[in-house]
Amino acid sequence: MHSVIDLEQLNTCFMFRKIVLLVLLIAAIDVVAFGSELVLPDSIAEGYVRLGERHLHRAWAELPDSVFAQFKKNGNRVNYEGLCFDRRRQLSELVMAEVVEDKGRFMGDILDGIRVHIAEPWWGIPAHYSKAKPDHNVQTVDLFNAETASLIAWTRHLLASKLENLAPGLCDTIDSEIEHRILIPAARDKYWWKGAGMNWNPWICSNWLACISFCEKNESRRADALSQIENSLQRFIDAYPDDGGCDEGPGYWDRAAASLFECMQWHDFKNIDRQKLQRMGAYIYKVYIGNDYCVDFADSHTNRSVQQLNILYPFALYVNDITMRQFAAHMFCRDLSAYYGKSGNFPTLGREVMFLRHLNELMAEQPHEPLLEEVWLPDLQIMTAREHEGIVKGLYVAMKGGHNDESHNHNDVGSFIVYADGEPLIIDAGVGEYTSKTFSGGRYDIWTMQSLYHNLPRINGVGQKDGKQYRATEVSHTPKLLSMDIANAYPAEAKVGKWLRTVMLSNKGKVCVTEDYVLKEYLSPSQIIFITPVKPQLKRGKVVLGKHAITFDRKALVADVEDISNLEDSIISGMWGTLYRITLTLNSNTTTGKIRYIID
């Protein structure tokens, strides 16, 4: 038995690339493909249906104004976001279940969901809104106003005939709401993100494009919007590092470089540099550690690699990157439905549908985990190195330079991380729950943003300072070795003239670190700090971390351990469980010295 789902052709409203008719069949047989038809294996089709079934006849979460107002009152943004994103997830999973099953079983809940969303005065989140109470007459285009609009537009497009049969006029109502909330304000207002070199720019533009495609009736506004989007995207890619590295970190890659690609998938913007786009895509596997971990410098709410398979594989095809394609196949072999469930704060319908038309190609790919032996990103000043190409076993090290005013910045110039056999040993803790403080003048009061909670020196009792002038100098890279002077990352009160840090992965599989320093004045003992999720044990000249250790000269350094587990923060505790801070305090009170230690 099988059911046939006819997704109406994704027609072009302007210069979109042609997309063939997509037919999905649910069949209890091996995967086969022919013509323009695509056969979904039961395991995949049932995954979508199961996600939708969780929401059958389920009540829709309330979004009280009192919860919206919490951000202005006490800085809490996650309570409202949790309720808001739960609604979006519920609707998107119901829609995909109906698209795949095509029996009308989910339509009642989908209709209720559309009406619930339309009843919301504003589709964004309180952190991005000027008022303490949402107002339908005040439509600001933020990330989630745009993304929700795209969700509703895609729902309208995929289920248009069913919606009109069950609720005549609803599609016109959707068009009117999207015009009011997105199409008019996005085209009319001079938003800062239109010229930004960070994720807001392509993230919003990609969703704006979807709304233009399905709901824009005004030809003049459509043409103007396309021109604005092209200019915005050009500014974004021009500001992006030439090495393709994402200074916002892997956690934001899927809404930075990947959203730029998503725009390209929608519309053929002629002037976008395809070679640079390829480098931007390749970043995501260049910072892949193994065992699903990635290098998590900058803000990161997960220590895992990219979860957005539905954008990774189409991106890989577009830039014809075989390593990226095989990386997607490696992820696909694990569980496709699990990736749909993790495709963002809530699943993105457009990405999922566009991805499914490439499913046959993905299933024909040779899976391969991209375990690169070494990587050097000269603009970001990030080095990664592992003992052997293609092998998780052994030590892996990554180190960064840069400056302390990067997007989603932490004060972490010169910090490094170490993984052993693909598991975390010396780590970057990432970032906890966002609050009003996170993107305010008090950002660096938060412990996860401070250099004192990264793998860095505390010089004369002083940590690094935020600002673009606080940066690495004299940066030198050779294979598996990175050296830089990090003195300029510290403020004047640190009284440091030079702090040359060299990190090397030796041929014997050891991470060898040298701290060569010159102080202008000795004020207090300097320290070397490490953050680890592995419970340390102190021994003579060693800090033992399970099967591994930091070995040092006990005449030069004194070790101490502090439990810094932040179990009140669900994000941090979810990533690491427990956390410890190791300090190696310098015994010497001289103003010059050279310290060496080994991690093996």
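Details
- Output for segment 255-302, where each listed residue is at pLDDT below 95, of a type in the set (Phe, Trp, Tyr) and either touching a helix residue (DSSP H, G or I) at 6+ places or on another chain (Cβ under 7 Å) or on the phi > 0 side of the Ramachandran plot (or both): 266, 269
- Figure legend. Inter-residue proximity from segment 559-586: first residues farther than 18 Å from residue 457 by Cα, second residues in a helix (DSSP H, G or I), beta-carbon distance below 6 Å, spacing 6+ or different chains. Indicated pairs: 566/572; 567/573.
- The set of residues in segment 242-254 being at pLDDT below 95, over 12 Å from residue 295 (Cα atoms) and open to solvent by 20 Å² or more (accessible area, probe 1.4 Å) consists of 252 alone.
- Flag: residue 544 matches the condition of being open to solvent by less than 70 Å² (accessible area, probe 1.4 Å), free of Cβ contacts under 8 Å to residues at least 24 places away in the same chain and under 17 Å from residue 427 (Cα atoms).
- Enumeration of residues in segment 428-442 that are open to solvent by less than 20 Å² (accessible area, probe 1.4 Å) and in contact with a helix residue (DSSP H, G or I) (Cβ under 7 Å, 6 or more places away or on another chain): 429, 430, 431, 432
- Within segment 157-175, one or more residues are buried (at least 17 other Cβ atoms within 10 Å of the Cβ), in contact with a helix residue (DSSP H, G or I) (Cβ under 8 Å, 6 or more places away or on another chain) and without any contact (Cβ under 8 Å) to a residue 24 or more places away in the chain.
- The criterion of at least 1 residues that are over 29 Å from residue 252 (Cα atoms) and of a type in the set (S, T, N, Q) is met, among helices (runs of 4 or more DSSP H) falling completely within segment 147-213, by 160-166, 170-178.
- Qualifying residues in segment 329-349 (those that are under 16 Å from the mean Cα position of the chain (by Cα) and at pLDDT 70 or above) - the one farthest from residue 303 (Cα to Cα): 348
- Taking residues in segment 297-316 that are of a type in the set (Lys, Arg), and partners anywhere that are open to solvent by less than 10 Å² (accessible area, probe 1.4 Å) and modelled with pLDDT of 85 or more, the pairs with Cβ atoms closer than 9 Å and at least 6 places apart or on different chains are 304/294; 304/296.
- Any hit, segment 78-94, residues being at pLDDT 95 or above, hydroxyl-bearing (Ser, Thr, Tyr), out of contact with any Cys (no Cβ under 9 Å at 6 or more places or on another chain) and closer than 25 Å to residue 163 by Cβ: yes
- Residue in segment 67-89 that is of a type in the set (S, T, N, Q), closer than 19 Å to residue 177 by Cβ, part of a helix (DSSP H, G or I) and in contact (Cβ under 8 Å) with a residue 12 or more places away in the chain present: no
- Pick from segment 103-120, criterion outside any helix (DSSP H, G or I) and touching a helix residue (DSSP H, G or I) at 6+ places or on another chain (Cβ under 9 Å), ranking: farthest from residue 166 (Cα to Cα): 120
- Any helices (runs of 4 or more DSSP H) falling wholly within segment 238-337 and containing at least 3 residues that are in contact with an Asp or Glu (Cβ under 9 Å, 6 or more places away or on another chain): 250-253, 274-286, 309-319, 322-332
- Counting residues in segment 118-133 that are buried (at least 23 other Cβ atoms within 10 Å of the Cβ), of a type outside the set (Phe, Trp, Tyr) and over 25 Å from the mean Cα position of the chain (by Cα) gives zero.
- Filter result for residue 515 (modelled with pLDDT of 95 or more and of a type in the set (Asp, Glu)): yes
- Tally, over segment 394-434, of residues that are over 18 Å from residue 599 (Cα atoms), in contact with a Lys or Arg (Cβ under 6 Å, 6 or more places away or on another chain) and either basic (Lys, Arg) or outside any loop (DSSP other than H, G, I, E, B) (or both): 1
- Residues of segment 383-405 that are within 19 Å of the chain's Cα centre (by Cα) and surrounded by fewer than 23 Cβ atoms within 10 Å (Cβ to Cβ): 405 alone.
- Residue that is touching a residue at least 60 places away in the same chain (Cβ under 8 Å), on the phi > 0 side of the Ramachandran plot and crowded, with 22+ Cβ neighbours inside 10 Å, where the choices are 467, 422, 461, 414: 414
- Filter pass, residue 531 being in contact (Cβ under 8 Å) with a residue 40 or more places away in the chain, touching a His at 6+ places or on another chain (Cβ under 9 Å) and crowded, with 20+ Cβ neighbours inside 10 Å: yes
- Scope segment 485-507; condition farther than 20 Å from residue 296 by Cα and touching an Asp or Glu at 6+ places or on another chain (Cβ under 8 Å); matching residues: 485, 495, 498, 499, 500, 501, 502
The values are calculated or read from the model by the stated rules, or taken from the named source; none is laboratory data. In this text the structure is predicted, and so the values were computed from the model without any measurement. As a convention, Cβ positions derive from the backbone with ideal geometry for all residues, glycine included, and neighbour counts pool all protein chains shown. For the accessible areas, the whole protein counts, side chains as well, though only heavy atoms, and no ligand, DNA or RNA atoms are used. Shrake-Rupley method; radii C 1.70, N 1.55, O 1.52, S 1.80 Å.
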